[in-house]
Every structure is written in structure tokens, then in C-alpha cells.
Amino acid sequence: MSQSIQNSVAFVSGANRGIGRAIVESLLTRGAAKVYAAARNPDALADLATAHGDKVVPITLDVTDKSQVTAAASTSADATLIINNAGVAANTDIFSDDLSDAEREFEVNYWGTLHMTRAFVPNLKTAGIGSLVNVVSIAGLTNFPMFPTYSDSKAALHSLTVGARHVLSGTGIDVIGVYPGPVETDMAKNIDMPKASTADVANTILDGIESGAEEVFTDEVAKGFEAPYVAGHKALEFGTREMMAQG
Ligand SMILES: NC(=O)c1ccc[n+]([C@@H]2O[C@H](COP(=O)([O-])OP(=O)(O)OC[C@H]3O[C@@H](n4cnc5c(N)ncnc54)[C@H](OP(=O)(O)O)[C@@H]3O)[C@@H](O)[C@H]2O)c1
């Protein structure tokens, strides 16, 4: 299936900067009726709300805070395009004495998205239609040695994305995994590689949603992962679907 951006009501986490902010701007440029823009500090959304009036609704949301997640889902019950973009990255050595950053990566990237899924899917089921879009990473498909525990957390998020797609199959809810390579944001500031712009990545994500894609590879580096993904991971996902269908 596919969802049109024009006249859509969307929800974006981590909307204050980086890829999330670019997604909000792109949604508005492409005719979204309303965007719930969520951030830990909603003051950082004031300029967007001023520029776009009622079309931008700032929401206070730390995805690790279950009461804020529940409140966000209640406030934005009419949103049918849910973009789970919030994420953190560290470059923790797996043999370090301090694994708190690694735990934080799982808290935000995996558990935060799971809380969001549990809170927002009932709204989509009520609407009978919707898209759940998880911003994963190519680091969720193979482990990058410069940020091994981030890759672990994104592999868990990738698995959550595939799992949600299995479970929600036939409900009218699309589950879309987004797999960026390096993008020009604070998160990637120490990566010494050519990086895609946030605007290009945001537009590619919205193109993917409109085309009905189950995966979006957002940039040149990411596109190099697409064919191996389809031959490997996706073939296994289809195989699992067939096994489930046969009981
Ligand atoms: N940049 C890349 O190269 C790249 C590549 C692949 C995937 N990604 C993914 O793309 C997504 C966006 O990243 P980005 O590059 O735009 O990074 P970014 O500029 O560092 O932005 C991260 C966003 O996530 C928010 N966030 C962090 N922890 C949060 C929490 N507990 N609850 C709610 N929001 C939280 C941040 O809010 P604060 O301002 O409050 O911290 C910020 O808005 C992430 O999921 C990231 O893993 C990025």
C-alpha cells in the first residue's frame, strides 16, 4: 500500500534537529495537513510553529518516558503517518568498564521505538489505515566497528521493524524501515565520509512512503546495501512469512 503526503496528518519524533526537522519541513512543503512535531525540549520547535501556524503542533516527548509516550499518542490520535526518528549514537568500546552509553542506545533506539509502537498502533487500527516508519540505519544491517553498540541497537530496531510488519500484516498498517548511510547531522559529525543532506534524505523517505516501499535506502552509500538486502534479509523475511502462512 502507499500513503499520500498531501493532506496527511503526521507525527515525527526527534523533530527539533537533524533528519527529524528536515522530515517535518518536507512534510509541510509537500502539503501535509498537520504535523505533530515531537521533541524533548519543545521550545526548540518554536520557529517551526511560528512559521507554519496550526499546521505544526509541538509535542513534548522523550521516547524513554512511557507516560510522555502515552500522552503523545492520546494528543495526536488523528495522526496516521508515524515517523519514529529519534535516536542516539555513541562509540562505546564493547570492552569498556562503562557501558552506560550502550544501554542508553538500546533505551532510545530499541525500547523507545517499541513503546511508541505499542502506544500508536491502536490509533492506526482505529483509523483502519496508517504507516509506521522507523528510521533504522545501514548499521542495523551490519555492524560498523566505529560504533558497535549503536549498530547492535539498530539491529534490534531492524528486527522490531520486521516483527511489527509480520504482526500487522493485513491490518491496513504499513511498516516501513528507513536505512540511511551517513547524513549531514550532529550525529555523524565525526564520520569522515561524504554525507547526504538532510533535505535529500527527508524527501527520499517521503517518496518511499508514497511509493508503498517496505524499505527506503536514502542515499548513495545506503543504496549500495539495497541489492544484498533484498537477496538476503528480505528473502529470509518472505520465507518466514510463507512459513507462518502455512501454519
Ligand atoms: N546522521 C546519520 O548519519 C544517520 C545515519 C543512519 C541513521 N540515522 C538515524 O537517523 C535518526 C535521526 O538522527 P540524526 O542524524 O538526525 O541525529 P541528531 O541530529 O543527533 O538528532 C537526533 C534526534 O533524536 C532526538 N532524541 C535523542 N534522544 C531522544 C529521546 N530519548 N527522546 C526523544 N528524542 C530523542 C534528539 O533530540 P535532542 O535534541 O533533545 O537530543 C534529536 O532530535 C536517528 O534514529 C539516527 O540513528 C542517522
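The values are calculated or read from the model by the stated rules, or taken from the named source; none is laboratory data. Bear in mind the structure is a predicted one, so any value in this text is a computation, not a measurement. Note that we place each Cβ from the backbone using ideal geometry, even for glycine, and neighbour counts take in every protein chain shown.
Looking only at residues that are without any contact (Cβ under 8 Å) to a residue 24 or more places away in the chain and outside any helix (DSSP H, G or I) in segment 225-247, which one is surrounded by the most Cβ atoms within 10 Å (Cβ to Cβ)? The residue in question is Gln246. Among the residues of segment 2-30, the ones that are crowded, with 24+ Cβ neighbours inside 10 Å, among the β-branched types (Val, Ile, Thr) and either at pLDDT below 95 or in a helix (DSSP H, G or I) (or both) come to 3 in all.
Annotation: of all residues in segment 122-166 being over 16 Å from Val9 (Cβ atoms) and of a type in the set (Val, Ile, Thr), the one that is surrounded by the most Cβ atoms within 10 Å (Cβ to Cβ) is Val135. Residues of segment 31-44 that are closer than 21 Å to Asp186 by Cβ and either part of a helix (DSSP H, G or I) or more than 13 Å from the ligand (Cβ to nearest atom) (or both): Pro42, Asp43, Ala44.
Within segment 90-126, the set of residues being aliphatic (A, V, I, L, M) and farther than 21 Å from Arg165 by Cβ comprises Ala90, Ile94, Leu99, Ala102, Val108.
Can you find a residue that is outside any strand (DSSP E or B), within 17 Å of the chain's Cα centre (by Cα) and under 27 Å from Thr218 (Cα atoms) anywhere in segment 45-52? For segment 45-52, residues outside any strand (DSSP E or B), within 17 Å of the chain's Cα centre (by Cα) and under 27 Å from Thr218 (Cα atoms): absent. Do we have Asp200 as in a loop (DSSP other than H, G, I, E, B), farther than 21 Å from Leu114 by Cβ and acidic (Asp, Glu) here? Answer is no for this residue.
Pairs linking a residue in segment 1-29 that is within 18 Å of Leu48 (Cα to Cα) to a residue that is among the aromatic types (Phe, Trp, Tyr), with Cβ atoms under 9 Å and 6 or more positions apart or on different chains, are Val9/Tyr36; Ala10/Tyr36; Phe11/Tyr36; Phe11/Phe120; Val12/Tyr36; Ala15/Tyr36.
Based on this model, can you work out whether Met187 counts as closer than 23 Å to Asp78 by Cα and either of a type outside the set (A, V, I, L, M, F, W, C) or within 16 Å of the ligand (Cβ to nearest atom) (or both)? Against the criterion (closer than 23 Å to Asp78 by Cα and either of a type outside the set (A, V, I, L, M, F, W, C) or within 16 Å of the ligand (Cβ to nearest atom) (or both)), Met187 does not qualify.
Rundown of residues vs (1) more than 10 Å from the ligand (Cβ to nearest atom); (2) within 17 Å of Asn134 (Cβ to Cβ); (3) surrounded by 16 or more Cβ atoms within 10 Å (Cβ to Cβ), yes/no style:
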| position | (1), (2), (3) |
| --- | --- |
| Asp54 | yes, no, no |
| Val57 | yes, no, yes |
| Leu61 | no, yes, yes |
| Ser67 | yes, no, no |
| Thr70 | yes, no, no |
| Ala79 | yes, yes, yes |
| Ile82 | yes, yes, yes |
| Arg104 | no, no, yes |
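The residues of segment 142-182 that are within 13 Å of the ligand (Cβ to nearest atom), assigned to a loop (DSSP other than H, G, I, E, B) and in contact with a Ser or Thr (Cβ under 9 Å, 6 or more places away or on another chain), listed by number, are Thr142, Phe144, Phe147, Pro180, Gly181. Taking first residues from segment 167-192 that are touching a residue at least 12 places away in the same chain (Cβ under 8 Å) and crowded, with 18+ Cβ neighbours inside 10 Å and partners that are assigned to a strand (DSSP E or B) and charged (D, E, K, R), the Cβ contacts under 9 Å between residues at least 6 apart in sequence or on separate chains come to Leu168/Asp174; Ile176/Glu215; Gly177/Glu215; Val178/Glu215; Tyr179/Glu215. I'd like to check something: does segment 109-121 contain any residue that is modelled with pLDDT of 95 or more, of a type outside the set (A, V, I, L, M, F, W, C), within 18 Å of the chain's Cα centre (by Cα) and over 24 Å from Arg21 (Cβ atoms)? Yes: segment 109-121 contains one or more residues that are modelled with pLDDT of 95 or more, of a type outside the set (A, V, I, L, M, F, W, C), within 18 Å of the chain's Cα centre (by Cα) and over 24 Å from Arg21 (Cβ atoms). If you go through segment 200-223 and keep only what is among the hydrophobic types (A, V, I, L, M, F, W, C), surrounded by fewer than 20 Cβ atoms within 10 Å (Cβ to Cβ) and more than 12 Å from the ligand (Cβ to nearest atom), you end up with just Ala213.
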